[in-house]
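Novice: First, the structure itself, so that you have it in front of you.
We did not get these values from a lab; they are worked out from the coordinates using the rules stated. Bear in mind that the values here come from a model prediction, so they are computed numbers and not experimental data. Cβ atoms come from the backbone with ideal geometry, glycine included; neighbour counts cover every protein chain shown.
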Amino acid sequence: MITTTSTTYQLSPRVTLTPGDQFLVSGGPYYRSSDGRRIPLAARGRLTFIAVHRTGARVLVEARDGSGTVMLHLAGRRKSPVPGVVARQYKIRRRVKG
């Protein structure tokens, strides 16, 4: 499949993310322990947008947090080979005025 890269992401009909925009993210993969607790495995909170990569139905957003660059899985199917890890998609909640 062909991967396309774009420097904008349409968050809503009125909001478009461009490089350097800050946004809030939630969700992402987590580990379900034997006693039922959810342990988050991913970046959350305020991130800075870099680019969006699309391959078929899969949409990945490249962003920067305090520790480096992260890839956020927003759409498309994904499955974890590790038992107990739930590969949940991220949700971009809103753009943050920075």
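Novice: Non-local amide H neighbours of R88 (under 5 Å, H modeled in plane, Pro and chain starts lacking H): which ones?
Specialist: Answer set, sorted by chain and number: Y30.
Novice: I need the calculated FRET efficiency for the pair V86 and R46, taking r as the beta carbon distance and R₀ as 22 Å, to the nearest 0.05.
Specialist: Working: r = 24 Å, r/R0 = 1.07.
Rounded to the nearest 0.05, the efficiency is 0.40.
Novice: For the stretch 32-49, take each phi angle, set θ = phi - 60°, evaluate the Karplus expression 6.51 cos²θ - 1.76 cosθ + 1.60, and give the result in whole Hz per residue in order, putting x for glycine and proline.
Specialist: Result, ordered by residue: 9, 6, 5, 8, x, 6, 9, 10, x, 10, 9, 6, 9, x, 8, 10, 10, 5 Hz.
Novice: I would also like to ask the following. Using 0.36 nm per residue, how much length does the chain from A75 to R58 gain when fully extended, once their Cα-Cα distance is taken away? Kindly include the intermediate steps, with their values, before the conclusion.
Specialist: Values: separation 17, 0.36 × 17 = 6.12 nm, distance 0.52 nm.
Taking A75 through R58 to full extension adds about 5.6 nm, to one decimal.
Novice: Also, quick follow-up: What is the magnitude of the charge dipole of the chain about its Cα centre, with +1 placed on the Cβ of each Lys and Arg, -1 on the Cβ of each Asp and Glu, and no other charges, expressed in debye to the nearest 20?
Specialist: Details: 18 positive and 4 negative charges, 73 e Å.
With only Lys, Arg, Asp and Glu charged at Cβ, the dipole is about 360 debye.
Novice: Given H placed 1.01 Å from N in the peptide plane, which residues other than close sequence neighbours of V59 have an amide H under 5 Å from its amide H?
Specialist: Sorted by chain and number, the residues that satisfy this are L74, A75, G76.
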